[in-house]
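A.B. asks: The structure's right below; bear with me while I get my questions together.
The values are calculated or read from the model by the stated rules, or taken from the named source; none is laboratory data. Please read these numbers as outputs of a predicted model, since none were measured by experiment. Because the Cβ atoms are built from the backbone with ideal geometry, glycine has one as well, and the counts that use them run over all protein chains shown. Side chains included, ligands, DNA and RNA excluded: accessible areas come from the protein's heavy atoms. Shrake-Rupley method; radii C 1.70, N 1.55, O 1.52, S 1.80 Å.
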Amino acid sequence: MKETGLAPADEKLLESVAGRIVRMRMGVPAVFFLESAKPLSFIGSQALVFMEPFVKAFLTLPQYDQFARMMEDRSNVERMIQIIEKMDREQDRREKEIRRKMKEEKQATRVLKKGAAMQKWRWWGR
């Protein structure tokens, strides 16, 4: 992991929020929003007071103040974007692997069924 200048607790908080966003499948809209709001990060962090109910869906009350303070810094917003993108890519990779395995299992089942049908046909065809 590259050096971010964040305290371990701050990094853990960003990862926690990003993980929740990705699990809710909101990675792309979140990145879009953060990228567009990055120039206004200080004003946006102050606006978190107005969005408190929405943000509390992701954070507990003690973490809320810490998160609002962290979002004042544009580098933290950029770090949040990077974490979300990384977690989103990992989730996509895992899902593709699961779909690939399911497809292989389906094909194997189809081959077995076809083989069983052919044996049955051959038995009747004797």
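A.B. asks: Go through (1) open to solvent by 100 Å² or more (accessible area, probe 1.4 Å); (2) more than 20 Å from residue 6 (Cβ to Cβ); (3) at pLDDT 75 or above one by one and return the number of the condition residue 121 breaks.
C.D. replies: Here residue 121 clears every test but (3).
A.B. asks: Please determine whether any residue of the stretch 18-26 is modelled with pLDDT under 80 and surrounded by fewer than 13 Cβ atoms within 10 Å (Cβ to Cβ). Break it down into steps so the answer makes sense when it comes.
C.D. replies: If we filter the stretch 18-26 for residues that are modelled with pLDDT under 80, which is where we start, we get none.
Checked the stretch 18-26: no residue is modelled with pLDDT under 80 and surrounded by fewer than 13 Cβ atoms within 10 Å (Cβ to Cβ).
A.B. asks: Can you tell me which residue is least open to solvent (accessible area, probe 1.4 Å) among those in the stretch 29-72 that are modelled with pLDDT of 75 or more and among the β-branched types (Val, Ile, Thr)?
C.D. replies: 31
A.B. asks: Restricting to the stretch 73-90, name every residue that is open to solvent by less than 80 Å² (accessible area, probe 1.4 Å) and either over 18 Å from residue 6 (Cα atoms) or not in a helix (DSSP H, G or I) (or both). Working first, answer last.
C.D. replies: So the first thing to find is which residues in the stretch 73-90 are open to solvent by less than 80 Å² (accessible area, probe 1.4 Å), and the list is 73, 75-85, 87-88, 90.
Matches in the stretch 73-90: 73, 85, 87, 88, 90.
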